[in-house]
1. Give the number of residues within region B:223-247 that are of a type in the set (Lys, Arg) and within 16 Å of ligand 2 (Cβ to nearest atom).
2. Looking at region A:70-111, which of the residues that are part of a strand (DSSP E or B) and of a type in the set (Val, Ile, Thr) is nearest to ligand 1 (Cβ to nearest atom)?
3. Between residues in region A:311-332 that are over 12 Å from A:ALA246 (Cα atoms) and residues that are of a type in the set (Lys, Arg), which pairs lie under 6 Å by C-beta distance while being six or more apart or on different chains?
4. Scan region A:299-316 and give yes if some residue there is open to solvent by less than 40 Å² (accessible area, probe 1.4 Å) and basic (Lys, Arg), otherwise no.
5. Within region A:228-253, track down each residue that is within 23 Å of B:VAL261 (Cα to Cα), within 16 Å of ligand 1 (Cβ to nearest atom) and among the small types (Gly, Ala, Ser).
6. B:ASN198: open to solvent by 20 Å² or more (accessible area, probe 1.4 Å), more than 14 Å from the chain's Cα centre (by Cα) and facing chain A (nearest Cβ under 10 Å), yes or no?
7. Which ones in region A:219-236 are aliphatic (A, V, I, L, M), part of a strand (DSSP E or B) and within 13 Å of chain B (Cβ to nearest Cβ)?
8. Would you pick out the residues in region B:285-332 that are open to solvent by less than 60 Å² (accessible area, probe 1.4 Å), within 14 Å of chain A (Cβ to nearest Cβ) and more than 15 Å from B:THR248 (Cα to Cα)?
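The values are calculated or read from the model by the stated rules, or taken from the named source; none is laboratory data. Quick caveat: nothing in here was measured; it's all calculated off a predicted structure. For neighbour counting, all protein chains shown are included, and Cβ atoms are generated from backbone atoms with ideal geometry for every residue, glycine included. Accessible surface areas use protein heavy atoms only, side chains included; no ligands, DNA or RNA. Shrake-Rupley method; radii C 1.70, N 1.55, O 1.52, S 1.80 Å.
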Amino acid sequence: MVERTSLAVRDLAVHFEMEQGTVRALEGVSFDLHAGRTLGIVGESGCGKSVTARSILRIVDRPGRIVGGQALLDPGTAEEADLIAMDPESRRMRGIRGGRIGLIFQEPMTALSVHYTVGNQIIEAVRAHNDLSKAAARDRAIELLREVGIPRPELRIDAYPFQLSGGLRQRVGIAMALAGDPDIVIADEPTTALDVTTQAQVLDLLRRLQREKNIALMLITHDMGVIAEMCDEVAVMYLGRVVEYAPVADLFTTSRHPYTRALLRAVPSILATPRQRLATIGGAVPHPGARPSGCAFHPRCSDFMPGRCDAASPAPLRPGEAGASCFLEAQP
Amino acid sequence: MNVLEVSDLKKHYPIHAGLLRREVGRVRAVDGVSFHIAQGETLALVGESGCGKTTVSRCILRALAPTSGSIRFDPGQGETVDLATLPKRALRPLRRHLQMIFQDPYSSLNPRMMVGDIIAEPLRVNGVPAAERHARVLELLDLVQMPAVARTRFPHAFSGGQRQRIGIARALALNPRLVVADEPVSALDVSVQAQIINLLLDLQDRLKLSMLFVAHDLSVVRHVSDRVAVMYVGRIVEVAPTDALYRTPRHPYTETLLAAVPAPDPMRRGRQMKASGDVADPAKPPPGCAFHPRCPYAQDRCRVERPELTEVAPGRWASCHRAQEIELAGVA
Ligand SMILES: Nc1ncnc2c1ncn2[C@@H]1O[C@H](COP(=O)(O)OP(=O)(O)OP(=O)(O)O)[C@@H](O)[C@H]1O
Ligand SMILES: Nc1ncnc2c1ncn2[C@@H]1O[C@H](COP(=O)(O)OP(=O)(O)OP(=O)(O)O)[C@@H](O)[C@H]1O
Ligand code: SF4
Ligand SMILES: [Mg+2]
Ligand SMILES: [Mg+2]
């Protein structure tokens, strides 16, 4: 069976015009999301994970500007539509945001207001994307809360967010994201603020919902454990670019980009031996306003080849093909 | 020789209600905690959010006045003192022996002071002459692997990881007997976190540091601690040498926590076990064993009789009625 590609992101570029100069937050990001599959996006702070998510939904913060690229919904079909070409405030885009594409935030309170009950907010989200009466929307909201595993949803629907634990709040956040019955879900660090026990429950929930609804899931995280547990494919980002793309098993056993290898060695492990030291990556992530020449990773790379890596950029990845953007790979 | 011996420490917060603000209950944030830290040892305190880790560490630093219990501290002059009951005035000369490393390297350094002065501050307060201070600052910068020129620059010129090094240098300036570190690496990115973990391991070796390491990340803890104390709703439920605790937990809560951590290894996928239920409320801890509503091994006795922390094997303590009869899974 050929799997359906739900979203194709191509050469996405986003700049922030700052007083100090232009910050190139994204410099040509490409990847595909497939129905029923999970793409993990991993990389250190500032590499552009959230900006990627926000660009697709057309909610990039000012002074950010999408300066190029496409985000094609249903690519290759008669319904193909480029989200980047749409007016972010248009009815169509508002319908897609929260409708076809659901968004789950790290801190559920970003999606929830403190002033309204959980129920009011979900009901509103349900009605924004479905033509339902108030009563029917309330039933649907209760059903959604039950679906995300909230016990006694008939009672919980009248609670205010602050009356719920962090784990329950994130479940409400997921219920909100599901209100428009999306077939694409973008989850930006959905479990980073949670305890491991709650994280396990929320990941399990995401997995179950994805299976039931054949959702294309884009899971942003900086936790390699979450990647290993959840993803089918993984895109590793560094300074606004995808530097490696691989099926999850290959990423952990035979990663091809020196950055991926370094990152994996630097992650503390639950399987560590006592007092085990970690391999470190020299230096720190440079500010995207001061991107190094050539391959942006070259100042920190253990495989750095002078005169080559600092002189030109390695070829970018071809979307959907496993590989690394690195001069150690065959160049076209 | 023990640097610290905490026994039956309690910190309760009264809950007031009504017009007369009568006390209607108590949040038992810390409810009878006992442990010790030997000279040169790092003890980790772990557990889910709200279990009382920070409250314990703030009581030891006397940023909070304990409700009851004792905190015997050996400042290294032959006689121990009880930090729990010492008047504020008598505490002041002891401060130099008890230092703190903070979670947030951004808010913990005064932005208007040069790094050299920040590190020298505790030396100055304790009457170390200027010439000696200068030499000591250079020594400390070297210890935390920062260049000497950092001395004359302001905190804003440094990254999160570098600021954390500065904070560590300041904490070590007076050769403290005990360092309390509350989530010292949880705000840091992977590669920086790895550098700071290695630095802490170096310092433990070189200075024979004694440390209370508060963290919720069980992977980080496995790298840096000699022993681990697991807290649940204000009480310690298990204490053991690190490797033993991870391999063969003796308390069901420890098993639950360990099972929830996703390992950075896709071959282990699906082993992640989900705990049921939410953390108990320290204002209304369940009767008997506080973990019983979530415990897969709970029996009638567990619902009524509170288990005490008892030695279940040499050097290993657990508070579970069934610790001797159930076989628990760890992570190898
Ligand atoms: N509102 C903004 N103003 C200016 N620059 C921004 C803004 N938002 C993002 N950026 C820039 O874009 C880059 C990418 O940011 P983004 O939030 O996507 O990172 P991230 O990978 O999600 O990091 P994190 O792991 O910390 O969430 C940042 O380095 C930053 O320089
Ligand atoms: N001033 C206060 N008044 C009432 N309750 C408090 C107060 N300070 C803390 N608590 C409660 O005491 C309990 C323990 O809090 P503490 O901050 O020690 O937890 P923690 O283990 O450090 O959690 P985290 O991992 O989130 O930092 C929590 O339930 C908290 O709500
Ligand atoms: S291109 Fe060169 S510098 Fe860049 S990652 Fe590959 S080897 Fe390192
Ligand atoms: Mg982000
Ligand atoms: Mg805390």
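1. Restricting attention to region B:223-247, the residues satisfying the condition of being of a type in the set (Lys, Arg) are B:227, B:235, B:247.
Among the residues that remain, those that are also within 16 Å of ligand 2 (Cβ to nearest atom) are: B:235.
Looking only at that region, the number is 1.
2. It comes out as A:ILE104.
3. Matching pairs, first to second residue: A:PHE327/A:ARG308.
4. Checked against the condition, which is being open to solvent by less than 40 Å² (accessible area, probe 1.4 Å) and basic (Lys, Arg), region A:299-316 yields at least one hit.
5. A:ALA235 - this is the single residue of region A:228-253 that is within 23 Å of B:VAL261 (Cα to Cα), within 16 Å of ligand 1 (Cβ to nearest atom) and among the small types (Gly, Ala, Ser).
6. Yes.
7. Step one: filter region A:219-236 for residues aliphatic (A, V, I, L, M), giving A:219-220, A:224, A:226-228, A:230, A:234-236.
Those left that are additionally part of a strand (DSSP E or B): A:219-220, A:234-236.
Listed by number, the residues that qualify are A:LEU219, A:VAL234, A:VAL236.
8. Within region B:285-332, B:PHE291, B:ARG294, B:CYS295 meet the criteria.
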